[in-house]
1. Dividing the Cα convex hull volume of the range 494-545 by residue count, how many Å³ per residue is that?
2. Treating only the Cβ of Lys, Arg, Asp and Glu as charged (+1, +1, -1, -1), what charge dipole size does the chain show about its Cα centre? Round to the nearest 20 debye.
3. Report, to the nearest 10°, how far helix 61-75 tilts away from the longest principal axis of the Cα atoms in the chain, using its own Cα long axis and a range of 0 to 90°.
4. Based on a Kirkwood Rh over C-alpha pairs, give the Stokes-Einstein translational diffusion coefficient of the range 110-151 at 4 °C and viscosity 1.567 mPa s in µm²/s.
5. Quote to one decimal, in nm, the extra length available between Ala521 and Asp239 on full extension: 0.36 nm per residue of separation minus the C-alpha distance between them.
6. If you bin the C-alpha pair distances of the range 1-123 every 5 Å from 0, what whole percents do you get?
7. Per q in 0.17, 0.24, 0.25 Å⁻¹, report the Debye log10 I(q)/I(0) for the range 273-338, using one uniform scatterer on each alpha carbon and no solvent.
8. Determine, from the Cβ-Cβ distance of Val2 and Glu536 and an R0 of 25 Å, the FRET efficiency 1/(1 + (r/R0)^6), rounded to the nearest 0.05.
Amino acid sequence: MVLNAYTAAQITATEKPHLAAGAPLMARAAHALAVEAARMLRHRPSGAYGADVVVLAGAGNNGGDALHAGALLRARGARVTAVLTGSEAHEEGLAALRGAGGFVLTLSEAGAQEGARAAAGADLIIDGMLGTGGRGGLREAPAELVRRIQESTGRNTEHRSAGGWARPLVLACDVPSGLDATTGAVAGPVLAADATVTFIGIKTGLLATPKPSLVGRIRCADLGIGADLPAPALREAEDEDFPRYWSVPVEGDQKYSRGVLGTVAGSDQYPGAGLMCVHAAVRAGAGMVRFVGGDALASALAVSTPEAVRSEHVGAHRVQAWAVGSGATDRAQQAQVEQALDAGVPVLADAAAIEMLAHRAADGDPAPAHVLLTPHAGELAQALEWVARLAPERGERLVRAAREAGLPEDEEVQTSPSRTQIEAAPFVWVRAAREALGGTLLLKGTTTLVAAPDGTVWAHRGNSAWLSTAGSGDTLSGILGAGLAAHRARVEAGRAEGADGEWAGVAAAGLLVQRGISTAAPGPVPPTVAAERIPEVLGRLADGQ
Ligand SMILES: NC(=O)C1=CN([C@@H]2O[C@H](COP(=O)(O)OP(=O)(O)OC[C@H]3O[C@@H](n4cnc5c(N)ncnc54)[C@H](OP(=O)(O)O)[C@@H]3O)[C@@H](O)[C@H]2O)[C@H](O)CC1
Ligand SMILES: [K+]
């Protein structure tokens, strides 16, 4: 089922009337947290009984949830110590923990070393320092505490093994503290969680963060008010959703009704990108692939992918979609890319094509919804720099849109964001950049995000880290190009609407194929291996498995 996620503002607005009416939301949150904590302690012979639990409690309601959960665990026989990390603590929560026989340390009195010693020796840490009310990273004292816990437990994202860490387990209350609930941006140290129990609805930052390994397993407790949530700000497709968004063949289909994909990728001098794109598109089920390119590219393709058919130029035959840009380095190919952008059918735009679209946007001609731009952060920074330089008022609008999407007021942006800024807060920039460039924007990264013109944003996590190799972008172009062509064919046949948001759905489904091929077996996934795995992975997803 598609996961829905909400910004901190959406969650706060949803809980407001219920809090005013006196609904016991904190009690419900604490209960959900304690249940998950007990589940995590199940590996111990005596479960929660006799376990050492440390609650890191901040000054706000997030700390309140965690303190109440500590009291519940105390009642189940755990030894519970709260480390208070703020200048004050949630009064009722603290009273409940004390009343249940919990022990309390104050960070300002005990110091970071003492707090870290208690935490590092525990079976389980509940991280309740900051939730939706946090701004920026942890402040000095709690940041120092986290650093010390990381040092003495070796728990930081870089060193995590496939099996996770041993003791202590970490359970984050609502969000890992220091990870922005809305944007997922991480400022300063964050204690990596094995699991996060999030309340009312999943926070957008949990799915969109560039550091997904900090979040761990996500469980959502809706506290009985989930039905009141508005439309989600972010969604994430799961494997079982694939057939809803990807046009799979139906009885009676033939090559044209399956969708023909045209490509302008690779060049005589650099044929590789073209080979990988075409190869992947054929394996991703395109009815036919027609490639535009010179003689050297054609001879190479005749050997590597004999299924592909040469087309003299972009206007020569009708296609349902184009995949253009990657490796299209020479002038002749670039002129063909420009023509493909004008062909009026869906386009997968990569590399050189992204720059062309940025120039068009700066000239007041943003791309239509069925153009899918696929930059990584560096390419997007370059494209936005073009827009800001050629059309300053568009640049200003871009930064305004980023602030509205959660960029902190004090973050300096020259005229357009740097690569590092985009990488730190992709959920902020993907939406702002889509406004500036038009089209549907797929921003590649550890977490890939796709923004649609109808306001929908899709998140995608979980690719194997082995996938980051030269050429995997060309393979993705081929897969997504085949998906766009198939979907366009379905629209032409009157079997889909072709609404603005549908192209992002196709992209989200294509990313599931990418994840499947990257995780099908352990180890490296160079493009040749990835391409060979496409048919089986796609077939499995199409069958809803
Ligand atoms: N409202 C409810 O009954 C429910 C809330 N739930 C939980 O509550 C949190 C949100 O709680 P809130 O109090 O709004 O905010 P936080 O607990 O996240 O944090 C605010 C306090 O933390 C201090 N603060 C702010 N920024 C930082 C920072 N960068 N570093 C350290 N401390 C920070 C801030 O202190 P000030 O000095 O600025 O006043 C606040 O005191 C939500 O996430 C849920 O866990 C439940 O959903 C149940 C219902
Ligand atoms: K937290």
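A short reminder: the numbers here are calculations on the coordinates, not readings from a lab. All figures in this text were calculated on a predicted structure; none of them were measured in a lab. All Cβ positions, glycine included, derive from the backbone under ideal geometry; neighbour counts span all protein chains shown.
1. 96
2. 1200
3. The answer is roughly 60 degrees.
4. 118
5. 99.8 nm
6. Bin by bin from 0 Å, the calculated values are 2, 11, 18, 21, 19, 12, 10, 5, 1, 0.
7. Values returned for q = 0.17, 0.24, 0.25 Å⁻¹ are -0.54, -1.16, -1.27.
8. 0.55
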